[in-house]
1. Just one of B:195, B:164, B:115 is within 30 Å of residue B:214 (Cβ to Cβ) and more than 32 Å from the chain's Cα centre (by Cα); which is it?
2. Can you tell me which residue is farthest from the chain's Cα centre (by Cα) among those in the range A:26-62 that are at the interface with chain B (Cβ under 7 Å from one of its Cβ atoms) and within 27 Å of residue B:3 (Cβ to Cβ)?
3. Go through (1) crowded, with 22+ Cβ neighbours inside 10 Å; (2) closer than 27 Å to residue A:318 by Cα and name the single condition residue A:123 misses.
4. Scanning for something farther than 26 Å from residue A:10 by Cα, free of Cβ contacts under 8 Å to residues at least 60 places away in the same chain and outside any strand (DSSP E or B), does the range A:260-282 turn up at least one residue?
5. I want to confirm something. Restricting to the range B:212-249 and keeping residues that are under 30 Å from residue B:283 (Cβ atoms), in contact (Cβ under 8 Å) with a residue 24 or more places away in the chain and part of a loop (DSSP other than H, G, I, E, B), which single residue is farthest from the other protein chains (Cβ to nearest Cβ)?
6. Restricting the range A:107-131 to residues that are over 24 Å from residue A:25 (Cβ atoms) and out of contact with any strand residue (DSSP E or B) (no Cβ under 7 Å at 6 or more places or on another chain), which is farthest from the other protein chains (Cβ to nearest Cβ)?
7. When the residues of the range A:64-86 are narrowed to those that are in contact with a strand residue (DSSP E or B) (Cβ under 6 Å, 6 or more places away or on another chain), within 7 Å of chain B (Cβ to nearest Cβ) and assigned to a helix (DSSP H, G or I), which ends up farthest from residue A:217 (Cα to Cα)?
8. Among the residues of the range B:41-57, what is the count of those that are out of contact with any strand residue (DSSP E or B) (no Cβ under 7 Å at 6 or more places or on another chain) and more than 9 Å from every other protein chain (Cβ to nearest Cβ)?
């Protein structure tokens, strides 16, 4: 397989995240976000004025607060006017936009951040508003219900069963004991059915949180970070919005994004998968052809902390941080958006040889 | 830390959506108890129908009727229905592939319990008694064992999708209920305001005083924390004359035209905005000196009125315009 490699080497050079909590009601969005912005700037020694491009991801629907992303910009220090953009998507897609901006050569550094305050609203219902407004949204199928339909399809296909799903949950929260930012860690009961076949333990915690990443190109990356996490490929793909059109047991969009990102050229040692529900890890492992040798979600993944709009960016950040620390040489990071893994982004990150 | 302020916040909107030819036929069909699909050029039959082929993006318009009976392709038992979901009693979410279709439709299945539901089970549409041309014209699905007399009343009649009185739009209502909390800086501001004090916050870097404070200096990108009482008097930096009566119930008593102004409170480095009263609207001017007017028991000023002082010199507030 031949693949056009990026024309510039671009790396994740810093990552920070908040502690993710059930509620952050004592903080506004910018108050929640600002510490992680300061954290990534401090890690690199950069100031706002040094950043070539800023891109963020968030959704006003979560907290019910109009134009919250413009208020969040106060935490950046956007005056005099900075080069800036926003996506109403997970921050992983903001990172994708920033990556393309750096590829053009218009900027050498980028600040990417995202945040989500789900605590003020009824998240399961809020997420129904992203669905087809004619035939689906009027039924208010909540996010757990849609994931449960996918889980049952996987069970019917023989791809998993309830004990296997419980094992994914247990492994994720056990791994999260090493992650001080995680919301749900250690021994968590599998609990009663939320929407059968999914139990509460199969579902992500609902919470508030933020994350930030700094990207840098070429030599600038080496100046800012001892071991940059080079983005060897990144791609995102979307599937039909109709749930009944898709094969819910598979994720061709993930597989294609992974192929375009170069994931299948050489094995990865680590994969940070954005699988908010246990059953979705089953789908992703299959689509990404991850074997038992790959360390999956050492952070605990989205089952340990799932701040909506930030959880995907956190996967990229966690994968990069492992490369920064020398715990990984080649890692895959995945982010998802929409119901039942509708849209998927895959990035492949590498550290310089040691 | 003082107690966190909280208040209910309802976000409610009725989106009026036009339908286009395919969705119009589909939803009109439901009103008439006919389920229509769309056929792609390679022969697949899609329900719910779409206007463009999900694979080729080709525009598709070939409507065909499918049966109101079908097969469950996957399901999930919802023991605790949520507001606005199709049934108020426990039910199964289902994807149903209707007979004659190649794709599945999402809806609810009325069943006594999860043991009565399985993938592959046969179901049929239960029509809503009152139908308007909406997906909810299907009340839900129910178990279907076939007609006892051998004939199948559910057989499609070959409807073409042409209707005398098609629906052309839907109103998609949404209501989301939040509990809003304004965060540390604004909580402190609102609490002080209830004591009839305007308390802003100073940026530790550029020393500007922001009121209302948002918790961050938008120029420096750092947290503000030093509290500074400003006002109560201030200067109108700019204003507009409002000629449209407020629609919000809280403001129905305000007669138009009235003046809405930016006011730089003494000691503040950012203007806040408020209504100006106690002066004819056409006499309000830049530089007018004003003070807040509090009504009994209110947690914030009702409006600002002239103090009677001489107008402020332009140079004293030009940076805040």
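1. So the residue among B:195, B:164, B:115 that is within 30 Å of residue B:214 (Cβ to Cβ) and more than 32 Å from the chain's Cα centre (by Cα) is B:195.
2. A:26
3. Of (1) crowded, with 22+ Cβ neighbours inside 10 Å; (2) closer than 27 Å to residue A:318 by Cα, only one is false for residue A:123: (1).
4. So far as the range A:260-282 goes, no, none of its residues is farther than 26 Å from residue A:10 by Cα, free of Cβ contacts under 8 Å to residues at least 60 places away in the same chain and outside any strand (DSSP E or B).
5. Looking at residues that are under 30 Å from residue B:283 (Cβ atoms), in contact (Cβ under 8 Å) with a residue 24 or more places away in the chain and part of a loop (DSSP other than H, G, I, E, B), I get B:233.
6. The initial filter retains those residues of the range A:107-131 that are over 24 Å from residue A:25 (Cβ atoms), namely A:107-112, A:130-131.
Among the residues that remain, those that are also out of contact with any strand residue (DSSP E or B) (no Cβ under 7 Å at 6 or more places or on another chain) are: A:130-131.
Details: A:130: 11, A:131: 9 Å.
Checking each candidate, the answer is A:130.
7. Checking each candidate, the answer is A:74.
8. Taking the range B:41-57 as the starting set, the residues that turn out to be out of contact with any strand residue (DSSP E or B) (no Cβ under 7 Å at 6 or more places or on another chain) are B:41-44, B:53-57.
With the extra rule that they be more than 9 Å from every other protein chain (Cβ to nearest Cβ), the set shrinks to B:41-44, B:53, B:56-57.
So the count comes out to 7.
The values are calculated or read from the model by the stated rules, or taken from the named source; none is laboratory data. Computed from a predicted model, the values in this text were never measured in an experiment. Here the Cβ is made from the backbone with ideal geometry for all residues, glycine too, and neighbour counts use every protein chain on show.
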